[in-house]
Amino acid sequence: DVFLRELISNANDALEKLRLTSLTEPEVLSGAESMNITIKAEKEADGTAKIIIRDTGIGMTPEELANNLGTLAKSGTSEFLSRAESDTSSNGNLIGAFGLGFYSSFLVADRVQVTSRAAKSSNNPKPAQYVFSSGADENSYEIYPDPRGETLGRGTEITLYLKPDALEYADTHTISELVAKHSSFSTTFPIYMHTTRTEMVPDEEAESAAAAAEPEKTAPADSDDTEVDEDEAVVEDVSDESEPAAKREPKMKPITVEEWLQLNSQPPIWMRDPKTVTDEEYESFYQVTFKDYQKPLAWYHFSGDSGSGVSFRSIIYVPSRLDDSYWQNPLQSITKDIRLMVKRVFITSDLGEDALPKWANWVKVVVDAEDLPLNVSRETLQSTAFLKQLKGIILKRLLQLLARVQSEDAEKWEKVQETFGNVFKLGAVEDFKNREKLSTLVRFATNQRNSTSLDEYLENKKQGQNQIFYLADMGKSTSELAGSVFIEKLHARGYEVLLLGDPLDEVFITNIRRWKKIPFQDVAKAGLKFGDEEMSPEEEKEEQARLTEKFKPLIEWLRKEVREKGAARDVVISNRLVTSSCAIVADESGYTANLEKLISSSHAQANHKHMMDFAKKQKVLEINPRSPLIEGLLRRIEQLPAEDSEEERDTEAEDELKEVATVLVDGALVRSGFAVTDSNDFFTRVDRILRRSLGVSETAPTDTTVKPAPPVDPELPPNADEPEVEEFADGRGKVSWEVEEIDEFGNVVKDVPVDMKAHDEL
C-alpha cells in the first residue's frame, strides 16, 4: 500500500522545489498553468492495467533521471529490495541517496516508465522531454527522448504497469482510500483523481430518426367549385398517434462522463494557529479523521519539542464514548487511534511496545513530526527514542486537558465522569507514575453528596478525624449503601463516608491506601475509630468496660453459638450501631463481604484456598447494647440456669432461644452482605417463627399432593430426524440448517459403530 504514498511525497517535493525556485527565477513556472498532482488508472481490454501519476513540478533533465533513478536499476531492483527489506538494522542512509521512494513502485508494478520535462531556467533555457524505463527484474534501464514530443509542458509523469496480483490498485475506490489514509494532508498542492460515471441523457439522434419516420399530414382535397365558409368551425379528430413529439417521453441513452475529483480538499488544521481554528472545524476534522459520528468532548491543540530535537504539532481529542469492547478485554491494551505523521505523511498507528497504557488507549491523537529517522519500508521508526518520549508527551497533555475541563466546565466534566470515571480509577491502579494526577480526577458518591473528589472529602473531614471512611459493596446503589448498618453512627454523627458500588472502587482504594498521608478506613471492618476518642479516653474506656460486664452472659452464650455454626469468631459490644440490633463485621485480618465477592469472581481462590477459608472466618458479631431486642435477649439468657446448676432445665425454651439467636445472627449476615451458612435451614426457621407469630401450629403439615408425571414414553416424534426448519414471522420464507461433525482436518466424521471405532485414549 505504501507505493502511492511515496510517489505522492516525491511529487510534492518536486512542486515545492518549483515554488521555491520561482521566487528567484519566475520563468520556471512557464509550461504549465497550475501546480497539482493527478492520478489516473486505466484498465485495458486484455485484463492488464496501469496507473499514471503526474505532477507539474520542477521536472528532471536526462542527467537527473540517470542520477536520481538509475543507480538502483544498475544493481538490480529486485536484489536491492529483497536486501533492503531484510536489513532491519540499516541506519536509513539509503533512503535519500538512492531515491527509494520511487523504487517502491516495483512493489506493485513489473515495469515503470518515467516521463519528465525539466522547468525552463537560465541554466536550461530549452528543456526537452525524456523517458526513463526499467523493469522490476532487469539490471539495466533506458533513457531516451520522448518520441511523442513535448506532451507535458513541465513536470514528471510516472506510469506503473501493474503486476497481475496488484490489479486491485487500479480501482478508483482503492486509490481514494490509500490517499485518504496516507497522503490526504501530505501536500498543500491539490491531488486530483480521474473518475468516470454514467449519466442518462436524451438521445437526439433517435428522436430525429423517429420524427423523420412519421407520415406527413396532408390537407383534405377540396374541389375548386366548393365554396368554403370561413366562419364555419373546423373540427379535427386527433388520435394518440398524432400527438406532438414534445409531449412524448424522450428516448434516453447512457453516456460516460469524465471528471477530476480533488482528494485532499481539507487542509491540515494542526498546522494552523489554534486561535484561527473554530470549534466546528475541530469537530468536523475529528469526525472525518476518526470515523466517529459523535462530536468529541474536548481537545487540546499544541506544538512542542520531544527533547531529542524532534519538533512536532499535535491535537489530542477526548471522545464522547468508549468502544463497547473496552471492558471486554481488561488486560489487553491496543492503541489504534494515534495517527503518527512525518511532514504530514501518515506513517503508522502502531506504537508497538511504546503503546499507551490501558487507561489511555481510547484517546484520539494526531501527531505530525518535522523529521524522524525511518527504515527502508518507512513503516517502522528506526529510533524508538521519540516513540517513548511521545508516549509521555501524550499522557502529560491528556492529563492537562482533563484537569482544564475539570476546573473550567462543570457540565462537560460531568459527561467526562459519566464516560471515563472508572477509567481514571483503572489508570490510578496501573500507572504508578501518574497515580496522583489520576487520583485527583476520581469521583465518589457519599452519604452527604452525589459526587466528591478526595481533596474535597478532606476539606470536609471532622476535627480529630485521621482517616477517610468508606463502605464498598459491589453492585449496590448509592441509596442502598447509604442505608447500610455499618454507617448508622457515622451518618448520625455527621461524618462523611465514601459509598463505593463499582467493582473497581475497592481495587482503587486498596492500591492507593492513603491520600495526602491520611489512610482509608473500611467501615465494614472491626476496630472503627471516629477520631475524637482521645478527647475523653477514660470515659470511653469506662463505658465500654461497664457495658461489656453487663452483657457478659449474653456475649459468652452468643460466642459459643456463633463459633459452633462458623458464623463468627467473636462477639463484642458495638460502637457503630444506632438502631440496628447487631451486625457482622470483618476482622482487621479478614475479608469484607465485598472483598469476598471480588475474590469469588476471579480465579485467585483456587490457588490459595486454605488462606481464603481462614480469612473468611475472621468475622466479629457486634451487638448494640441499646437495642431492646438485645436487652430482651440478655434477660432471657440470665433466666437460664447455670451450667453447673442442679435446677431442672427447660430444653424446649432453650431450643426456642437458640433458634431466635440463630435467626438473629443469620439476619445480621445477610444485612452485612455475607451469605448464610445454610439458606434452606435459615428459611425453615423463618417459616416456624412466622407460624408462631400468626398462631399457626408449627407441626401443621402442608398438603403435598401433586399430580404424578405420565408414564415413560421412549418414542421420538415422527419428524425428529429431519433438519430443523424455522419460518420467519413476517413471511420472508423458511430457514433450515444441518450440523455435521468434522475432524481437525475439516473432514466430515461419519457415524461408525462403537465396536468398530479406533480407540486413541492413550
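The values are calculated or read from the model by the stated rules, or taken from the named source; none is laboratory data. Quick caveat: nothing in here was measured; it's all calculated off a predicted structure. Counting neighbours? That spans all protein chains shown, and the Cβs are built from the backbone with ideal geometry, glycine included. In case anyone asks, the SASA skips ligands and DNA or RNA and just uses the protein heavy atoms, side chains included. Shrake-Rupley method; radii C 1.70, N 1.55, O 1.52, S 1.80 Å.
If I filter the stretch 643-653 for residues that are open to solvent by less than 50 Å² (accessible area, probe 1.4 Å), at pLDDT below 85 and out of contact with any Leu (no Cβ under 7 Å at 6 or more places or on another chain), do I get at least one hit?
First, the residues of the stretch 643-653 that are open to solvent by less than 50 Å² (accessible area, probe 1.4 Å): 645, 653.
Pick out the ones that are also at pLDDT below 85 and you get 645, 653.
This time we only want the ones that are out of contact with any Leu (no Cβ under 7 Å at 6 or more places or on another chain), so: 645, 653.
There is at least one residue in the stretch 643-653 that is open to solvent by less than 50 Å² (accessible area, probe 1.4 Å), at pLDDT below 85 and out of contact with any Leu (no Cβ under 7 Å at 6 or more places or on another chain).
Residues in the stretch 487-502: is at least one at positive phi and either small (Gly, Ala, Ser) or at pLDDT 90 or above (or both)? Let's see the steps before the verdict.
Kept after step one, since they are at positive phi, are these residues of the stretch 487-502: 494.
Filter again for either small (Gly, Ala, Ser) or at pLDDT 90 or above (or both), leaving 494.
Yes - at least one qualifying residue is present in the stretch 487-502.
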- [ ] Starting from the stretch 682-711, take each residue that is touching a residue at least 12 places away in the same chain (Cβ under 8 Å) and list its partners that are assigned to a helix (DSSP H, G or I) and of a type in the set (D, E, K, R), counting only C-beta distances under 6 angstrom and pairs at least six apart or across chains.
- [x] 682/666; 685/659
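Can you tell me which of 549, 588 is closer than 19 Å to residue 621 by Cβ, at pLDDT 85 or above and loosely packed, with under 13 Cβ neighbours inside 10 Å? Let's see the steps before the verdict.
On the way: 588 fails: at pLDDT 85 or above.
Unique residue meeting the criteria: 549.
Among the listed residues 88, 61, 56, which satisfies the condition of being in the same structural domain as residue 126 (by the TED database), modelled with pLDDT of 85 or more, of a type in the set (S, T, N, Q) and open to solvent by 20 Å² or more (accessible area, probe 1.4 Å)? Explain how you work it out, then say what you get.
Numbers: 88 fails: modelled with pLDDT of 85 or more; 56 fails: open to solvent by 20 Å² or more (accessible area, probe 1.4 Å).
Exactly one residue qualifies, and that residue is 61.
Looking at the structure I just gave you, is residue 151 closer than 29 Å to residue 288 by Cα and in the same structural domain as residue 102 (by the TED database)? First the steps, then the outcome.
On the way: closer than 29 Å to residue 288 by Cα: no; in the same structural domain as residue 102 (by the TED database): yes.
For residue 151, the condition - closer than 29 Å to residue 288 by Cα and in the same structural domain as residue 102 (by the TED database) - is not met.
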Open item on the list: Among the residues of the stretch 24-37, are any open to solvent by 10 Å² or more (accessible area, probe 1.4 Å), over 15 Å from residue 154 (Cβ atoms) and either assigned by the TED database to the domain that holds residue 177 or at pLDDT 90 or above (or both)?
Closed with: yes
Task: Qualifying positions in the stretch 266-281 - free of Cβ contacts under 8 Å to residues at least 40 places away in the same chain and either within 20 Å of residue 346 (Cβ to Cβ) or not aliphatic (A, V, I, L, M) (or both) - done: 272, 273, 274, 275, 276, 278, 279, 280, 281
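Is it true that residue 732 is of a type in the set (Lys, Arg) and at pLDDT 65 or above?
Details: of a type in the set (Lys, Arg): yes; at pLDDT 65 or above: no.
When the stated conditions are applied, residue 732 does not pass them.
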- [ ] Within the stretch 480-519, count every residue that is among the hydrophobic types (A, V, I, L, M, F, W, C), within 23 Å of residue 574 (Cα to Cα) and open to solvent by 30 Å² or more (accessible area, probe 1.4 Å).
- [x] 2
Open item on the list: Testing residue 398 on (1) open to solvent by less than 40 Å² (accessible area, probe 1.4 Å); (2) touching a helix residue (DSSP H, G or I) at 6+ places or on another chain (Cβ under 8 Å); (3) over 23 Å from residue 323 (Cα atoms), one condition comes back false. Which one is that?
Closed with: (3)
Task: Those residues of the stretch 452-485 which are of a type in the set (A, V, I, L, M, F, W, C), modelled with pLDDT under 90 and over 34 Å from the mean Cα position of the chain (by Cα), in sequence order - done: 485
- [ ] Select from the stretch 655-704 the residues that are within 49 Å of the chain's Cα centre (by Cα), among the charged types (D, E, K, R) and part of a helix (DSSP H, G or I) and write down the one among them that is nearest to residue 486 (Cα to Cα).
- [x] 671
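Quick check on residue 530: is it out of contact with any Ser or Thr (no Cβ under 7 Å at 6 or more places or on another chain), open to solvent by less than 50 Å² (accessible area, probe 1.4 Å) and not in a loop (DSSP other than H, G, I, E, B)?
On the way: out of contact with any Ser or Thr (no Cβ under 7 Å at 6 or more places or on another chain): yes; open to solvent by less than 50 Å² (accessible area, probe 1.4 Å): yes; not in a loop (DSSP other than H, G, I, E, B): no.
When the stated conditions are applied, residue 530 does not pass them.
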